[in-house]
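These notes concern the structure reproduced below.
The values are calculated or read from the model by the stated rules, or taken from the named source; none is laboratory data. Keep in mind the model is a prediction, meaning the values are calculated, not measured. Every residue, glycine among them, receives a Cβ derived from its backbone with ideal geometry; neighbour counts consider all protein chains shown.
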Amino acid sequence: MIKQALAHQERLTGDPLMATIKRYFIFITGGFVGWLIIIGMQAVFLASLGEIFSYWVGLLFADIFTFVYHRLITFKIKSNWKIRFVKFVIIVTAITLANGAFFSLTAASFDLAKLNLSIIFLEQTLMIPGRIIASFFITFVLSVINFGINRIFIFRHH
């Protein structure tokens, strides 16, 4: 059963499992830089646009960066960049909408989450704002989904 699962995984991704895991870590490195772009842009535009709209501006800049990063570094695929970019925009728009929607819901209900002692610890002891905590967890969960979609549908060697 494990051999079948590994064979299926290799057919889907085009890589053996360990190569896929390595590629995922390269992928999340680019995603981490994208996340820093989100946080940085949010900090720049927070006063003028507010928490949620400044987050969306950050997502826009992060999405452009991540396409270039994944095309040249993560997946190293330089062919058909225009077609891949169109597919990427469609998928990233869906992921971005999900990311933004989850962040908006989390930001709106974060006062309720402050009852959780771990959130209080992170915010008060480590001085990490709740919006950054929420952004990190949402982005991490969606990164796994995003990697699979990008690897299989956008940056797959054909």
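Values computed for the structure shown
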quantity	calculated
Residue within the range 58-69 that is over 16 Å from the mean Cα position of the chain (by Cα) and more than 19 Å from R23 (Cα to Cα) present	no
Selection status of F32, aromatic (F, W, Y) and in contact with a Phe, Trp or Tyr (Cβ under 8 Å, 6 or more places away or on another chain)	no
Positions within the range 44-74 being exposed (fewer than 13 other Cβ atoms within 10 Å of the Cβ) and in contact with a Lys or Arg (Cβ under 7 Å, 6 or more places away or on another chain), in sequence order	none
Criterion violated by L72 - all others in (1) within 22 Å of V141 (Cα to Cα); (2) at pLDDT 80 or above satisfied	(1)
The one condition in (1) surrounded by 14 or more Cβ atoms within 10 Å (Cβ to Cβ); (2) assigned to a helix (DSSP H, G or I) that I77 fails to fulfil	(2)
Qualifying residue in the range 44-55 (condition: within 26 Å of F85 (Cα to Cα) and either at pLDDT 90 or above or of a type in the set (D, E, K, R) (or both))	no
Test result for F27, closer than 22 Å to V92 by Cα, free of Cβ contacts under 8 Å to residues at least 12 places away in the same chain and among the aromatic types (F, W, Y)	no
Filtered residues of the range 44-90 (kept if within 24 Å of I132 (Cβ to Cβ) and among the β-branched types (V, I, T))	V44, I52, V57, I64, T66
